[in-house]
Amino acid sequence: MSPQSPEQEVILIIDDSPTNLVLLSDLLQETGFTVWIARDGETAISKVTEELPDLILLDVLMPGPDGFEICQRLKSNPLTSEVPIIFMTALADPVDKVKGMNLGAVDYITKPFRQEEVLARIKIHSKIRKLTQSLAKQNQLLKQEIKERIAVEDRLQKLTEELEKRVEERTAELTQAMYDLQKAQLQLVQKEKMSTLGQLVAGVAHEINNPINFIAANLNHAENYIEDLLEHLHLYQQEFPYPGEEIESNAEEIDLDFLVEDLPSLVASMKTGTERINQISVSLRIFSRADTNAKLAVNIHEGIDSTLMILKHRLKANENRPAIEIIKEYGDLPLVECYAGQLNQVFMNLLSNAIDAFDEHSQAYSYTELEENPNKIVINTEVNEKEDKILIRIHDNGPGMLPEAQAHLFEPLFTTKPLGKGTGLGLSISHQIVVEKHGGQLTCNSVRGKGVEFVIVLPLH
Ligand SMILES: Nc1ncnc2c1ncn2[C@@H]1O[C@H](COP(=O)(O)OP(=O)(O)OP(=O)(O)O)[C@@H](O)[C@H]1O
Ligand SMILES: [Mg+2]
């Protein structure tokens with residue numbers, strides 16, 4: 001065996017015939033191959049297991065394990081199975097060449113050797129082996145690359161997912177922060193609105209109360225005095241039917257007969273007026289119940305009535321439309337524990353919205369058309385004892401609203417009204433008061449052209 005240079009290919013010849021061995025090794029060495037030799041199967045197998053040759057020339061007929069058996073053993077060992085084997089058979093040998101090929105040999109050559117043929121076949125197989133090896137290597141590299149790419153893609157995917165998750169979390173945080181901010185702002189606005197309005201209304205009510213009380217009290221006295229005076233005048237007239245020219249012409253001038261007749265009804269209408277003012281003052285005080293820090297058991301109908309009283313000037317007829325009819329369908333409600341002032345604010349918002357809708361809607365119709373089909377607000381209340389709650393429905397027969405509006409109704413700042421007319425806070429504040437302050441529900445049903453119904457549900461306990 002000669003020393004092997006790195007680029008030289010190694011061929012192992014396995015043959016028991018020294019003549020063949022010499023012949024072949026001389027030929028192959030001259031051609032530039034490194035040649036190993038083995039004279040029997042066992043030596044050859046242990047040699048191949050130690051270090052792999054590039055190709056094996058294997059004689060078939062040998063003492064000990066024959067070529068077929070050696071071939072089989074080498075092919076069944078994963079370490080040695082890839083080395084190409086070329087069988088050598090004498091032309092006269094009764095050997096089944098197909099059997100050799102089936103066992104995994106790549107080719108066979110026949111003795112006596114024709115040198116060119118031997119070399120040509122060895123070179124071809126050596127080339128095939130090299131190509132196969134380089135293919136396998138490339139395959140290996142490709143597999144490695146694919147593996148790396150998959151790993152990179154995996155990492156990328158994970159990173160993307162992580163990023164998406166972080167963006168999602170951050171968006172959720174920001175949305176929540178925004179929502180909290182809006183809510184805080186709303187609460188502030190609502191508190192401010194309520195306290196300013198409440199204070200104003202309570203102040204006005206208080207200021208009205210004193211003068212109206214003494215007008216009412218004095219009016220009773222005035223009525224008695226007038227009765228006495230008229231009685232007295234009557235006596236005079238009876239006693240002195242002809243009081244003289246001056247008195248008679250004065251009586252004519254002041255239309256004494258009409259004055260005497262009209263004075264009592266004048267006083268009566270003044271009394272009605274003071275009673276009305278008194279009612280308004282009571283309504284104002286009920287509406288503005290400023291006690292917002294504690295729940296009170298109140299009569300819900302009083303709250304609605306006081307709100308209607310405050311809105312009276314808006315319900316009246318104006319140049320564009322007749323008066324809005326209010327139809328009360330009040331059920332038998334118990335006293336309800338609630339923040340009365342705030343709840344009145346809700347009634348105020350819902351009723352104002354209905355009136356706003358009527359005002360806008362009416363512009364499209366003639367006065368007569370509106371008289372034939374009057375604007376109506378139905379206020380219905382009922383108690384649901386089984387579910388321990390009360391329901392307040394405020395239904396208008398106005399224009400109704402579009403589904404888009406309905407979808408955003410309770411969002412702060414949503415309005416369809418022109419700039420300066422609506423802030424878009426009314427319903428979101430009402431929602432907050434009903435849902436968050438009272439644990440109730442505020443819902444809206446609307447069909448375009450058929451009006452709007454708001455339903456307030458309040459738990460009783
Ligand atoms: N009864 C109703 N009929 C028709 N549309 C309504 C009715 N109630 C509410 N809307 C619609 O809902 C929108 C929001 O109402 P919301 O009370 O929250 O705000 P606004 O009335 O526009 O302004 P603000 O109440 O702050 O003055 C209104 O702009 C209107 O388009
Ligand atoms: Mg409103």
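Remark on residue 375: its backbone amide H falls under 5 Å from those of 325, a criterion applied only to residues 5 or more positions apart or on other chains, H modelled at 1.01 Å from N.
Note on the chain: with charges restricted to the Cβ of Lys and Arg (+1) and Asp and Glu (-1), its dipole about the Cα centre is near 3460 debye.
Extension gain, residue 46 to residue 270, is 67.2 nm, computed as 0.36 nm per intervening residue step minus the present C-alpha separation. What the phi angles of the stretch 203-219 give under the Karplus curve with 6.51, -1.76 and 1.60, with θ = phi - 60°, is a coupling list of x, 4, 4, 5, 4, 5, 4, 5, x, 5, 5, 6, 4, 4, 5, 5, 4 Hz, glycine and proline written as x. Maximal additional length on extending the residue 317-residue 142 stretch stands at 54.2 nm, based on 0.36 nm per residue less the C-alpha distance. Sorting the Cα pairs of the chain by distance into bins of 20 Å, from 0 upward, gives 16, 24, 12, 8, 11, 16, 6, 4, 2, 0 percent per bin.
If the stretch 1-81 were replaced by its equivalent ellipsoid, with semi-axes equal to the square roots of 5 times the Cα gyration tensor eigenvalues, what would those be, largest first, whole Å?
Values: eigenvalues 81, 53, 15 Å².
Sorted largest first and rounded, they come to 20, 16, 9 Å.
Under the definition of Cα pairs under 8 Å and six or more residues apart, what whole-number percent is the relative contact order of the stretch 348-438? Don't skip to the end; give the middle numbers.
Details: 76 pairs, mean separation 21.5, N = 91.
Answer for the stretch 348-438 is 24 percent.
Annotation: lysines with alpha-carbon distance below 28 angstrom to residue 271 (same-chain offsets under eight excluded): 312, 316, 328.
Can you compute the FRET efficiency between residue 180 and residue 97 using 1/(1 + (r/R0)^6), with r the Cβ-Cβ distance and R0 = 56 Å? Round to the nearest 0.05. Show your work: numbers first, answer last.
Working: r = 89 Å, r/R0 = 1.60.
Computed FRET efficiency for residue 180 and residue 97 comes out at 0.05.
Working from label points 7 Å from Cα in the Cα-to-Cβ sense, the residue 196 to residue 213 distance is 3.1 nm. For the chain, the residue among 205, 390, 139 whose Cα projects farthest onto the positive side of the dipole built from Cβ charges is 139. For the chain, DSSP calls about 50 percent of its internal beta bridges antiparallel. Sequence-distant contacts, meaning Cα pairs under 8 Å at least 6 residues apart, place the relative contact order of the stretch 420-461 at 31 percent.
Per-residue extension of 0.36 nm, minus the Cα-Cα distance of residue 445 and residue 224, leaves a gain of 73.9 nm for this segment. The modelled label-to-label distance for the pair residue 455/residue 134, using points 7 Å beyond Cα in the direction of Cβ, is 8.3 nm. Relative contact order of the chain: 9 percent, from C-alpha pairs under 8 Å at least 6 residues apart in sequence.
Sort 226-237, 405-416 by packing, meaning the average of other beta carbons within 10 Å per residue, with the highest value first.
Values: 226-237: 12.1, 405-416: 15.8.
Top of the packing list down: 405-416, 226-237.
Here's the list of lysines a cross-link from residue 437 could span, going by alpha-carbon distance under 16 Å and ignoring same-chain residues fewer than 8 apart: 183, 191, 295, 389. Calculate how steeply helix 18-31 sits against the longest principal axis of the alpha-carbon atoms of the chain, using the helix alpha-carbon long axis, and give the answer as 0 to 90 degrees to the nearest 10. On a 0 to 90 degree scale, this one is about 60.
Among 17, 134, the order by Cβ neighbours within 10 angstrom, fewest to most, reads 134, 17.
Farthest toward the positive end of the dipole of the stretch 10-113, out of 76, 44, 19, is the Cα of 76, where the dipole comes from beta carbon charges about the Cα centre. So for the stretch 10-113: antiparallel DSSP bridges make up what percent, rounded to the nearest 5? If we restrict to bridges inside the stretch 10-113, about 0 percent are antiparallel.
A short reminder: the numbers here are calculations on the coordinates, not readings from a lab. These numbers were taken from a predicted model, which means no experiment stands behind them. Cβ sites come from the backbone with ideal geometry, for glycine too, and all protein chains shown count toward neighbours.
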